[in-house]
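Asks: My structure is below; once you've seen it, I'll send some questions.
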Amino acid sequence: MRIEPRELPAVLPFLGDLPPLLTRLYAARGVQSVEELDKSLARLIPYQQLKGIDAAVDLLVTALDQRQRILIVGDFDADGATASTVGLLGLRLLGAAHVDYLVPNRFEYGYGLTPEIVAVALQRQPQLLITVDNGISSVEGVAAAKAAGLQVLVTDHHLPGHELPAADAIVNPNQPGCEFPSKALAGVGVIFYVLMALRARLRSLGRYESRPQPNIGELLDLVALGSVADVVPLDANNRILVHQGLERIRAGRARPGLKAILEVAKRDHSRITSTDLGFILGPRLNAAGRLDDMSLGIECLLSDDVSAARAMAAQLDELNQDRKSIEQGMQREALAQLKELPVESMPFGLCLFDADWHQGVIGILASRLKERYHRPTIAFADAGDGMLKGSARSVPGFHIRDALDAVAARHPQLISKFGGHAMAAGLSLPEQNFPAFAEAFDEEVRRQLQEEDLTGRLLSDGTLAVEEFHLELARALRHAGPWGQHFPEPMFHGVFELVEQRIVGERHLKVVLRSECGSLKLDGIAFGIDREVWPNPTIRWVELAYKLDLNEFRGQETVQLMIAHIEPR
């Protein structure tokens, strides 16, 4: 792992009266004007710029006026769960008489609006199907729904394939011809925008002249959770959505189910950050879709009953513990496979398969291996009937979905289906094709990346002076975000004297450090360290990459370094 300085523009922008450090941090993340730091809802990109939004609203107004039965078909991850919940609650707020949801069980039906899911949906006798966080690739599923006499509204954010589904309306910022400037909306963000447009139309029709206008801002806690958990880039527009959602949570105005998940995770809602959404709430919600049925997660978020929400949150927490145990076992098996490979013959693109691996956990496994080996990784599990299901994770500079497209173009018979983003994708293929696919994928990675691209690196925002290790700066950094994908939390580096070191938990290194000049002592913690290396009493000086954070203990706040990388100096 190497530490490199984060690039700064040649000329720093004027960002008002911000401290120089914050100006530098924002500039390094592409902020060019004070306006980009305005996180008020008024600064959201107007919904009118979304292609298909008028047709979508036409469908919904008719559905509301005719009291049609509406069925939302979601995805089985945190984005899909929050999008389903936002869609259902939002449509109820805006007057829908009959609205329900359906989330495919990933082990029975797989992803998206398939013809098989349409058959299940028809049992509910809907008149309008709305997809959230899926549908843009569901050509056959939409055709089946239309053939059955249903109207279909597709809301999605994934990249489209060569053919669009023949839906009555499509809202997706990534569809051809859409001029919406932010292509980074999560699925939950897209359906929230649809609700904003619907409310505006109803207002123009005079529906709120004699009654209060519904406040769909109540749903922003869920929009924030789904956006961060789906690891979409936090551009200026998404930062507004996430910031506003975090403000609701911190003020104690979150949904009971979201509050309950925070309680079971022992997190104080008033101090929550975007990092907590991604690493504390997201995994617990995702655990339902990975191991069981995402309906449990959706029901938790929908619940208005505090005690029922707490019971469901406890179930989600148990599922997450089970997921961790399964993941650790799979990771040991994967590492055993890779240890058999000589370093010089390690593939540039990793493909691993074990017949006993859990379908719902291969995405996390791929992510862990990608972080360890710094190369695009695909983990496969047995999907039955001679098929494998794969989950892919990528590294910066390698668009994984486009890479799969390139492999499919060169070898048309290898992959049955695929889809995804730049950094994550999913695919299915016959088990017999696995060796040939692994070879073809490695060839594609080698075509695009050099060996030096496969070395892990941490981008640093520089060193901190001794006088900068204080609570005020740590608080300012915590609330200067929200931080996340493509808008990373500030990372600093430096050399410190190692005064004390001990293991806490199973693999966490707790340290006491002294600044290089010897004038300041600091606490630090490194999570998931290598127990073969640490603790090591012979090491006195270390180089760290770290985040400046706060630690609260018995009501007292102190500065703490969250160590991302530590090595002897």
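The values are calculated or read from the model by the stated rules, or taken from the named source; none is laboratory data. Please read these numbers as outputs of a predicted model, since none were measured by experiment. Neighbour counts are summed over all protein chains in view; Cβ atoms, including those assigned to glycine, are modelled from backbone coordinates with ideal geometry.
Residues checked against (1) touching a residue at least 60 places away in the same chain (Cβ under 8 Å); (2) farther than 30 Å from Tyr101 by Cα; (3) assigned by TED's automatic domain parsing to the domain that holds Asp382:
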site	(1), (2), (3)
Cys300	no, no, no
Ser307	no, no, no
Lys324	no, no, no
Glu327	no, no, no
Gln331	no, yes, no
Leu341	no, yes, yes
Gly349	yes, yes, yes
Phe353	yes, yes, yes
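Asks: Select from region 74-132 the residues that are small (Gly, Ala, Ser), buried (at least 18 other Cβ atoms within 10 Å of the Cβ) and assigned to a helix (DSSP H, G or I) and list them in ascending order.
Replies: Listed by number, the residues that qualify are Ala78, Gly80, Ala81, Ala83, Ser84, Gly87, Gly90, Ala121.
Residues are listed down the side, and each one gets a yes or a no for (1) part of a strand (DSSP E or B); (2) among the basic types (Lys, Arg); (3) surrounded by fewer than 19 Cβ atoms within 10 Å (Cβ to Cβ); (4) more than 19 Å from the chain's Cα centre (by Cα):
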residue: Asn134; (1), (2), (3), (4): no, no, no, no
residue: His162; (1), (2), (3), (4): no, no, yes, yes
residue: Asn174; (1), (2), (3), (4): no, no, yes, no
residue: Gly189; (1), (2), (3), (4): no, no, no, no
residue: Arg203; (1), (2), (3), (4): no, yes, yes, yes
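Asks: Out of Tyr208, Tyr193, which single residue is among the aromatic types (Phe, Trp, Tyr) and touching a residue at least 24 places away in the same chain (Cβ under 8 Å)? Walk me through how you get there before you give the answer.
Replies: On the way: Tyr208 fails: touching a residue at least 24 places away in the same chain (Cβ under 8 Å).
Exactly one residue qualifies, and that residue is Tyr193.
Asks: May I ask you to say which residue of Asp442, Asp523 is over 22 Å from Ala545 (Cβ atoms) and not assigned by TED's automatic domain parsing to the domain that holds Glu247?
Replies: Numbers: Asp523 fails: over 22 Å from Ala545 (Cβ atoms).
Being over 22 Å from Ala545 (Cβ atoms) and not assigned by TED's automatic domain parsing to the domain that holds Glu247 holds for just one of Asp442, Asp523, which is Asp442.
Asks: So, one more: Is at least one residue of region 496-504 surrounded by fewer than 17 Cβ atoms within 10 Å (Cβ to Cβ) and touching a helix residue (DSSP H, G or I) at 6+ places or on another chain (Cβ under 6 Å)? Lay out the reasoning, then the answer.
Replies: Filtering region 496-504 for residues surrounded by fewer than 17 Cβ atoms within 10 Å (Cβ to Cβ) gives 497, 499-500, 502-504.
Within this subset, residues satisfying the condition of being touching a helix residue (DSSP H, G or I) at 6+ places or on another chain (Cβ under 6 Å) are none.
Within region 496-504, not a single residue is surrounded by fewer than 17 Cβ atoms within 10 Å (Cβ to Cβ) and touching a helix residue (DSSP H, G or I) at 6+ places or on another chain (Cβ under 6 Å).
Asks: List the pairs whose first member sits in region 235-261 and is in a helix (DSSP H, G or I), whose second member is surrounded by 24 or more Cβ atoms within 10 Å (Cβ to Cβ) and basic (Lys, Arg), and whose Cβ atoms are under 9 Å apart, counting only residues at least 6 apart or on separate chains?
Replies: Ile261/Arg284
Rundown of residues vs (1) in contact (Cβ under 8 Å) with a residue 40 or more places away in the chain; (2) of a type outside the set (Gly, Ala, Ser), yes/no style:
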site	(1), (2)
Arg2	yes, yes
Pro5	yes, yes
Ala10	no, no
Ser33	no, no
Gly52	yes, no
Asp77	yes, yes
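Asks: For residues in region 342-396 being part of a loop (DSSP other than H, G, I, E, B), among the small types (Gly, Ala, Ser) and touching a helix residue (DSSP H, G or I) at 6+ places or on another chain (Cβ under 7 Å), which is surrounded by the fewest Cβ atoms within 10 Å (Cβ to Cβ)?
Replies: Filtering region 342-396 for residues that are part of a loop (DSSP other than H, G, I, E, B), among the small types (Gly, Ala, Ser) and touching a helix residue (DSSP H, G or I) at 6+ places or on another chain (Cβ under 7 Å), the one surrounded by the fewest Cβ atoms within 10 Å (Cβ to Cβ) comes out as Gly386.
Asks: Let me confirm something: among Leu477, Leu548, which residue is in contact (Cβ under 8 Å) with a residue 12 or more places away in the chain and either part of a strand (DSSP E or B) or surrounded by fewer than 17 Cβ atoms within 10 Å (Cβ to Cβ) (or both)? Please lay out each step first, then the result.
Replies: On the way: Leu477 fails: either part of a strand (DSSP E or B) or surrounded by fewer than 17 Cβ atoms within 10 Å (Cβ to Cβ) (or both).
Going through Leu477, Leu548 in turn, the sole match is Leu548.
Asks: Sticking with this structure for a sec: Test Lys266 against the criterion of being assigned to a loop (DSSP other than H, G, I, E, B) and out of contact with any Ser or Thr (no Cβ under 9 Å at 6 or more places or on another chain), and give yes or no.
Replies: Values: assigned to a loop (DSSP other than H, G, I, E, B): yes; out of contact with any Ser or Thr (no Cβ under 9 Å at 6 or more places or on another chain): yes.
So Lys266 passes the test.
Asks: List pairs: first in region 127-140 and over 11 Å from Pro165 (Cβ atoms) and assigned by TED's automatic domain parsing to the domain that holds Leu164, second of a type in the set (D, E, K, R) and surrounded by fewer than 24 Cβ atoms within 10 Å (Cβ to Cβ), Cβ under 8 Å, 6+ apart or cross-chain?
Replies: Gln127/Arg69; Leu128/Arg69
Asks: Are there any pairs, at least 6 apart or on different chains, whose C-beta atoms fall under 6 Å, with the first in region 458-474 and assigned by TED's automatic domain parsing to the domain that holds Pro488 and more than 11 Å from Pro490 (Cα to Cα) and the second surrounded by 12 or more Cβ atoms within 10 Å (Cβ to Cβ) and of a type in the set (Phe, Trp, Tyr), and if so, which?
Replies: Leu464/Phe492
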